[in-house]
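K.L.:
Quick one: the structure is below, and I'll ask about it shortly.
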Amino acid sequence: MAYTLPEYLDRLAQFQCGVLSAQQAIAGGLTRDMIRARLRSRRWRKLQYGVYATFSGEPTRDAVLWAAVLRAGPGAALSYYTAAELYELIDWPSSAIHVTIPEQRRVAALPGIRIHIASRAEQATHPTLLPPRTRLEETVLDLACAARTADEACGWVTRGVGRGLTTQERLRRALGQRARVRFRAEIAEVLGEEWAGVNSPLEYRYVKWVELPHCLPRGKRQAAAIRAGRREYRDVFYEGYDLIVELDGRAAHPGDTRWNDIQRDNAALASGLVTLRYGWDDLRMRPCLVADQVYRALSRSGAVAARPCSAACPVTRTSL
């Protein structure tokens, strides 16, 4: 038996990373017996029910994602964490594959695939990118709506903007096109002009938990500086106070990164600038202590307005 594919199916399989659905194969001229023969000879392999890899080796990630979309059927698009993976909004593959389908369709539970139903599935799907996926702004808002807290929701927004994948304006437009959005008020707030320059979840938490509750001066976000002839950016720079605050979301300093941070801090100190450096745990567990230290550092340059956020806040003892 000849196992070559008709020209149309061959092109379609290449287009879909070597993956075809049974429906596509039959529409392209194969019979069910031909499909079964290819599976028996192990020239093809089953990836999902009715979806096959037209090769014998291990499928690539893109092939696996194509199989999930084809299994979910017409109008399906990768979404949520899986779309975020493709846009590099997250740095790891999603465990379950997330797929959104139009609200007029229903799909039975599929192993390894998380099905979402949306009334705006067609509008939310990117018109050209493949495998089919929701637009970047729709993906950000989907993840924000699925967040456990408003803080986590706003973190997705700042992550998308901070990685240069989208803009506040694009997200505002996408937000305005949705009738129902969880945490709408908080998302709209972080998309306001006064939050421009807040480019990461950690920067958002610094403003929300440290600067605002303690009425500290607003620092300049992502302030450009030149060191050794190269441009670099400081997370928060308090101009006029000679103070830099660096926010580090890494659990550890791999390789030479730690030494780069040290060299950066040393160069700043040599120029008369003090650097304070904080991580996730500092902002999550000790925001008042962070505020107190920032207040003390700012006060070296003169009087600074600040206030405690509660009776137990240490800023009380330094600002009175």
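K.L.:
Report, in degrees rounded to the nearest 10, the 0 to 90 angle that the Cα long axis of helix 136-145 makes with the longest principal axis of the chain.
P.N.:
70 degrees
K.L.:
Still on this model: Give me the number: length gained by fully extending ARG45 to TRP92, i.e. 0.36 nm times residue separation minus the C-alpha to C-alpha distance, one decimal in nm.
P.N.:
The ARG45-TRP92 span can extend by a further 14.3 nm.
K.L.:
Quick one: which of 292-299, 216-223 comes out on top by average Cβ neighbours within 10 Å, and what's the full order, highest first?
P.N.:
292-299, 216-223
K.L.:
Also: Quick one: give the max-minus-min coordinate of the C-alpha atoms of segment 7-59 along each principal axis, largest first, in Å.
P.N.:
If we take the Cα atoms of segment 7-59, the spans are 23, 23, 18 Å.
K.L.:
Further question on the same structure: Note down, for the chain, the three equivalent ellipsoid semi-axes (square root of 5 times each alpha carbon gyration tensor eigenvalue), biggest first, whole angstrom.
P.N.:
In descending order, the three semi-axes are 51, 22, 15 Å.
K.L.:
With a/c under 1.5 counting as rounded, go ahead and sort segment 168-232 into rounded, prolate or oblate using the C-alpha gyration tensor (a ≥ b ≥ c being the square roots of the eigenvalues; past the cut-off, prolate if a/b is larger than b/c, else oblate).
P.N.:
oblate
K.L.:
Report the calculated FRET efficiency for GLU58 and TRP280 (r = Cβ-Cβ distance, R0 = 30 Å), to the nearest 0.05.
P.N.:
Using R0 = 30 Å, I get an efficiency of 0.25.
K.L.:
What's the FRET efficiency of ASP151 with ASP33 using the Cβ-Cβ distance as r and R₀ = 45 Å, to the nearest 0.05?
P.N.:
0.20
K.L.:
Same structure, new question: Kindly rank 184-192, 11-19 from highest to lowest mean number of other beta carbons found within 10 Å of each residue.
P.N.:
Taking the mean over residues of other Cβ atoms within 10 Å, the ranking is 11-19, 184-192.
K.L.:
Same structure, new question: Of all DSSP beta bridges located in the chain, what percent are antiparallel, nearest 5?
P.N.:
Percentage antiparallel, nearest 5: 60.
K.L.:
Please report the antiparallel percentage of the DSSP beta bridges confined to segment 10-116, to the nearest 5.
P.N.:
70 percent
K.L.:
With a cap of 14 neighbouring Cβ atoms within 10 Å, and only residues DSSP puts in a loop, list the GluC sites (Glu not before Pro) found in segment 196-245.
P.N.:
GLU239
K.L.:
For segment 7-59, with the dipole built from +1 on Lys and Arg beta-carbon atoms and -1 on Asp and Glu ones, taken about the Cα centre, which of GLY28, PHE15, THR54 lies farthest toward the positive end?
P.N.:
THR54
K.L.:
Here's something else I'd like to know. Among THR149, PHE183, THR139, whose Cα sits farthest toward the positive end of the charge dipole of segment 124-212 (+1 at Cβ of Lys/Arg, -1 at Cβ of Asp/Glu, about the Cα centre)?
P.N.:
Value computed over the given set: THR139.
K.L.:
For every helix of n ≥ 4 consecutive DSSP H residues, a contribution of -39,500 (n - 2.57) applies; sum these over the chain, divide by its total residues, and give [θ] at 222 nm rounded to the nearest 500 deg cm²/dmol.
P.N.:
-11500 deg cm²/dmol
K.L.:
Further, regarding this structure: Please say if segment 74-134 is rounded, prolate or oblate, where rounded means a/c under 1.5 for a ≥ b ≥ c the square roots of the C-alpha gyration tensor eigenvalues, and otherwise the choice is prolate for a/b larger than b/c and oblate otherwise?
P.N.:
Taking the square roots of the gyration eigenvalues as a ≥ b ≥ c, segment 74-134 is oblate.
K.L.:
Further question on the same structure: Placing unit charges on C-beta atoms (Lys and Arg positive, Asp and Glu negative, everything else neutral), compute the dipole magnitude of the chain about its Cα centre in debye, rounded to 20.
P.N.:
920 debye
K.L.:
Right, here's the next one. By how many degrees, 0 to 90 and rounded to 10, does the Cα axis of helix 257-270 deviate from the longest principal axis of the chain?
P.N.:
Roughly 30 degrees between the two axes.
K.L.:
Between ALA185 and GLN14, with labels modelled 7 Å along Cα→Cβ, what's the label distance in nm to one decimal, could you check?
P.N.:
The modelled label-to-label distance comes out at 5.6 nm.
K.L.:
Follow-up question, since we're still on this one. Two-decimal Rg/Rh of segment 142-196 from alpha-carbon positions, Kirkwood Rh?
P.N.:
With Rh from the inverse mean 1/r over Cα pairs, Rg/Rh is 0.91.
K.L.:
With +1 on the Cβ of every Lys and Arg and -1 on the Cβ of every Asp and Glu, and nothing else charged, how large is the dipole of segment 142-196 about its Cα centre, in debye rounded to the nearest 20?
P.N.:
Dipole magnitude for segment 142-196 comes out near 320 debye.
K.L.:
Neighbour counts of other C-beta atoms within 10 Å: give me THR128, THR158, THR167 arranged from fewest to most.
P.N.:
THR128, THR167, THR158
K.L.:
Collect residues whose amide H, placed 1.01 Å from N in the peptide plane, falls under 5 Å from the amide H of GLU246; neighbours closer than 5 in sequence don't count.
P.N.:
When sequence neighbours closer than 5 places are left aside, the close amide H contacts are LEU276, ARG277, TYR278.
FYI, it's all coordinate maths here, none of it is from the lab. This structure is a prediction, so every number in the text was calculated from the model and none was measured. Backbone-built Cβ (ideal geometry, glycine too); neighbour counts: all protein chains shown.
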